[in-house]
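Trainee: Before we start, here is the structure in question, set down as structure tokens.
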Amino acid sequence: MGVLPAVVAPGDELPGTRLARYGRQLMLPGFDEVAQRRLANARVLVIGAGGLGSASIPYLASSGVGTIGVVDDDVVELSNLHRQVAHGMGDIGRPKTASIADTVAAIDPEIRVVRHEVRLTAATMPGILEGYDLVLDGSDNFATRYLSNDAAVLVHKPLVWGAILRFGGQLSVSWADAGPTYRDLYPAPPAPGEVPNCAEAGVIPGVCAVIGALMATEALKLITGLGDPLIGRVTTYDALTGRFREIPYARDPEGTPVTGLIDYDAFCGTAPAARTPASAAAPESAAPVTAETPEAVTVRELAELLAADTPLQLVDVREEDEARIASVPGSELIPLGTLPARLESIRTDVPVVLYCHLGMRSQQAVRYLRRAGFDNAIDLIGGIDAYASQIDETMARY
């Protein structure tokens, strides 16, 4: 691709104390005071204050990016801390945006942090994006990735995206004005349940650090016009081998132009409307089982059924090591991968409620069982994570 013009114009001259702070990068070849003033004048929006945000945001702040916007509507949980190192024990229960703002303030109190504690949608994204020069997307779901890509395309702004899972990660720069975008690489999302997220499949902490730091570096290159941005190339990292790999890609000549924002939950098959809670589609008693048995129940509805001793089968489709951490009392462990060989264990005379950690694997199990003729298969919305937070707060969360 080669060197591109700097995305951000230089701001006002910096005082000597600020220049002293950045002395180690000001001595770099091609990096001068003007580049530092561009960073100070830059406004970067970071989507997600989790694993990738925890790695990228501190580096953006320490390098001198003047304004950092953070979008996240989640709170810090104990299970976050093994990889989301910008948060600590004292932050548990706090909004992630508040925690990471304190992290930035501890690095450099002169950096401005704008907190956006909202869920990104086609309705909320344009107003937020308007105030920034470029975007870093460290989200953990495909709906947000396609939304951030399309929104950036429409306003002609560059997007640095990263993704992590298990022992690997990848990142690239999507910028329609300079090359291909995320949609050229992935024209359509995978089927729901086909690709798990980190909450379902796990991730080794160092991968977050590697990919997040590289995302921050790509942002600095775009802001200052330094180096060759990752446009039309994906860099992948495999922690098990320690190897990096580069995969080139180009514009899709048959790709559908982005002309507006859409319903991204529906596009990715994750729309809440596709799941019918029992309270909206079933009588108060969960029996008898019929072809109209609802496909999902909430954790509160399950708790009511259990308290009333309603006949049902409760199936945990997670792995054995997950079940050892916490499980709903009375459940039977049938890991998702063993389900096809365990169909004789699935009852047909009572509702069968399946659950996992957050709901992805259980939805997949319900779809499989319903195709196999088990019209009594029901998904527990939100999985054991929702059960622990809403029903049994003494239950371990991970």
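Trainee: Quick one: would you say L78 is surrounded by 23 or more Cβ atoms within 10 Å (Cβ to Cβ) and not assigned by TED's automatic domain parsing to the domain that holds L358?
Mentor: The answer is no for L78.
Trainee: To continue, here is another question. Pull up the stretch 81-97, narrow it to residues that are closer than 17 Å to A201 by Cα and in contact (Cβ under 8 Å) with a residue 40 or more places away in the chain, then point me to the one that is surrounded by the fewest Cβ atoms within 10 Å (Cβ to Cβ).
Mentor: Narrowing the stretch 81-97 to residues closer than 17 Å to A201 by Cα: 81-84.
Right, trim to in contact (Cβ under 8 Å) with a residue 40 or more places away in the chain and you get 82-84.
Details: H82: 14, R83: 23, Q84: 25.
Taking the candidates together, the pick is H82.
Trainee: Can you tell me which residue in the stretch 220-273 is surrounded by the most Cβ atoms within 10 Å (Cβ to Cβ), limited to those that are more than 30 Å from M27 (Cβ to Cβ) and aromatic (F, W, Y)?
Mentor: Out of the qualifying residues, it is Y264.
Trainee: Can you find a residue that is touching a helix residue (DSSP H, G or I) at 6+ places or on another chain (Cβ under 7 Å), under 21 Å from L134 (Cα atoms), touching a residue at least 24 places away in the same chain (Cβ under 8 Å) and not in a strand (DSSP E or B) anywhere in the stretch 230-242?
Mentor: The answer is yes; a qualifying residue exists.
Trainee: Here's another thing I want to ask about it. Taking the condition of being charged (D, E, K, R) and free of Cβ contacts under 8 Å to residues at least 24 places away in the same chain, how many residues in the stretch 4-25 meet it?
Mentor: Summing the residues that are charged (D, E, K, R) and free of Cβ contacts under 8 Å to residues at least 24 places away in the same chain in the stretch 4-25 gives 1.
The rows are residues; the columns are (1) at pLDDT below 95; (2) in contact with a Ser or Thr (Cβ under 9 Å, 6 or more places away or on another chain); (3) over 23 Å from V155 (Cβ atoms).
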residue: G30; (1), (2), (3): yes, yes, yes
residue: A35; (1), (2), (3): no, yes, yes
residue: L52; (1), (2), (3): no, yes, no
residue: A55; (1), (2), (3): no, no, yes
residue: L60; (1), (2), (3): no, no, no
residue: R83; (1), (2), (3): yes, yes, yes
residue: D108; (1), (2), (3): no, yes, yes
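The values are calculated or read from the model by the stated rules, or taken from the named source; none is laboratory data. These numbers were taken from a predicted model, which means no experiment stands behind them. Heads up, the Cβs are rebuilt from the backbone with ideal geometry, glycines too, and the neighbour counts pull from every protein chain shown.
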